[in-house]
Amino acid sequence: MQSGGGGPQNVFMDQFDLEARTQRVWDLNHAVWFTLMGVGGGVFLAGRILNLTEGLGYLLGIPTVDVISFVAIAVGGAILVVDLGRPLQFWRAFVNVRTSWISWGAWSDLIFLVVAGLLVLPALSLGGSEPFSGLGWDPHGNDGAGLALEIVAGVAAVVVMTYAGAVLARPRAIPYWNSPAVPLQFLLSSAAMSVSLVMLIEVIAGEPVSAGQMVLLGVLTAALKVAVVAHLRTRRDAPGKAQSLQRLLRGRHRFVFVWGVGVAGTALPAVLAFVGAGAAGARDALAVICCVLLVPGGFLLRLITLRVGIYPPVHIPSMGRPRSSAAPAESLGTAGRR
Amino acid sequence: MTRWGMVIDAARCVGCQACTVACKTENQSPLDAWYAPVVEWEEGEFPDATLNYLPVLCNHCEDAPCVTACPSGALKRRDDGIVIADEEVCIGSRACMTACPYGALHFFEDRGTVSVEGAPAEPAPSVPERYAHQSHVRGAVSKCTYCAHKIDFGIENGLEVGVHPLATPACVVTCPAECRIFGDLDDPDSNVSQYLSGHGPGEVLRPDAKTLPSTQYVGLP
């Protein structure tokens, strides 16, 4: 692709091109957003499923794991809003629930924050008093109303963990993204990150990490590894995906993907988790190491997935290959350069 | 049912870029946003080298992924098949841009204003309705509309769409090689249907994306 040296750049080369082009629309902000949403929904679920909400400390009377979940989703949502071209119009993101996964995500974020917030509201402690303790449900879901709120919040949390992957996977424009493996990876990564974070909170709170938790973490991380590898091995020659794979495995993202995601972000924590399940003495330390590896690994997985989003050429000529392209602005603005 | 569409005979294109400039002039598209450029590429080696041209624009897909992805409902497919972006409704999520296989959507980033001597730095505060399509919203996405304002004007005034210059997309009107034909794809007697029947079935860009484009090609290199 010619870039024109110091003269005017080819102004629309990024939009229409006969060469594969990398998407540059979503990048770091979206990777942070995706990660926080995954962790936010996952920590709530992990805390509830592992029945660890009550023993790991409280902030204002609310279990620490729930507070972390709310903060992660609120911050992730705020990043998304700030990243919009027109942030003050953010409410319109709720409109197109019929087809848009972003709308589904916006609703699931909202429903989760409202319902999970309501769920824990009776436990809220302000200045030694519990002003909402009269509300008629148990904040830990031990009665009918509390359990109903917990289930609704849990379903919303699953959508929160998954929808970012679905946003990428639905359109066919970018072959690397257009696969159920992407939302599956995001879901498994969110689950693994969240379980490891809950275990980190356990260690900080002085509670012992159980062998079962380590096995669960190992299974989730191993499943994530399988999902990543399977995605790498399907439709390898498809236009666009072939370029994505080239960049992941041999190109500029090789080091980060192979070592950051493939080894440190999945393989190593999976091994350490299974080792920790059988080594009671080292279990807490291994749980902390797993968390330190998995959370950055999950973030890198999302960031790299975004950065290898490559569109195939809009048209593949029947003969020969395009060697260069030119644009009218360049042609008109610098007549005679070519 | 009317389904407006465009047939581009790529073999006729001479690469003059008149369509690119006509579109820019007609729609006053934002800085860096070119709705209808002509892509050029070389093929072969000297002395057997050729220069190929491919006019491109929004494909106004029947199964438009941009419409599906848009969370705010700003992108809509009209009953006549034209896909439009309502910039006032757009929130700037750019989900449409990642979903479009053709790169046909353009985000109007605030990169300051172009300084042209004598020209106002900002758009006039009130834009006459006739020129509303030339007013763009910062932080929103814009795109080719097949010059829907011209088509609507033509229908309101009884002009033949795709034939009368005031009722035909600017790129079609200005093309000196007549490589763009615009009309009703659902009408077997329309100029586009007739052209397709005389030049073989239309091809589409990125057929793997299965978007059912209304912009079709003949004579693709």
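Descriptive notes on the structure:
- Yes/no for A:V97 being part of a helix (DSSP H, G or I), more than 20 Å from the chain's Cα centre (by Cα) and either modelled with pLDDT under 95 or not basic (K, R) (or both): no
- Some residue of the range A:92-102 being in contact (Cβ under 8 Å) with a residue 24 or more places away in the chain and either closer than 30 Å to A:S133 by Cβ or of a type outside the set (F, W, Y) (or both): yes
- Condition check for B:T168: farther than 28 Å from A:Y311 by Cα, under 18 Å from the mean Cα position of the chain (by Cα) and surrounded by 14 or more Cβ atoms within 10 Å (Cβ to Cβ): yes
- Filter result for A:I79 (farther than 20 Å from A:I151 by Cβ and facing chain B (nearest Cβ under 9 Å)): no
- Failed item in (1) more than 14 Å from chain B (Cβ to nearest Cβ); (2) farther than 18 Å from A:V195 by Cα; (3) out of contact with any strand residue (DSSP E or B) (no Cβ under 6 Å at 6 or more places or on another chain), with A:G309 passing the rest: (1)
- Every test in (1) part of a loop (DSSP other than H, G, I, E, B); (2) over 19 Å from B:A167 (Cα atoms); (3) more than 9 Å from chain A (Cβ to nearest Cβ) is passed by B:A33 save one, and that test is (3).
- Counted residues, the range A:251-280 - those being free of Cβ contacts under 8 Å to residues at least 12 places away in the same chain and crowded, with 20+ Cβ neighbours inside 10 Å: 0
- Of all the numbered requirements in (1) within 12 Å of chain A (Cβ to nearest Cβ); (2) under 21 Å from B:A99 (Cβ atoms); (3) surrounded by fewer than 24 Cβ atoms within 10 Å (Cβ to Cβ), B:R78 misses one, and that requirement is (1).
- Residue match in the range A:145-153 (condition: touching a Phe, Trp or Tyr at 6+ places or on another chain (Cβ under 6 Å) and either of a type in the set (F, W, Y) or surrounded by fewer than 19 Cβ atoms within 10 Å (Cβ to Cβ) (or both)): yes
- Taken over the range A:166-186, the criterion of being in contact (Cβ under 8 Å) with a residue 60 or more places away in the chain and assigned to a helix (DSSP H, G or I) is satisfied by A:A166, A:V167, A:L168, A:V182, A:Q185, A:F186.
- Qualifying positions in the range A:225-250 - touching a residue at least 12 places away in the same chain (Cβ under 8 Å) and not in a helix (DSSP H, G or I): A:T234, A:R235, A:A238, A:P239, A:G240
- A:S108 among the small types (G, A, S) and within 14 Å of chain B (Cβ to nearest Cβ): yes
- Wholly enclosed strands (runs of 3 or more DSSP E) of the range B:130-221 bearing at least 3 residues in contact (Cβ under 8 Å) with a residue 40 or more places away in the chain and away from every other protein chain (no Cβ under 14 Å): B:180-184
The values are calculated or read from the model by the stated rules, or taken from the named source; none is laboratory data. Bear in mind the structure is a predicted one, so any value in this text is a computation, not a measurement. Glycine gets a Cβ as well: all are built from the backbone with ideal geometry, and neighbour counts include every protein chain shown.
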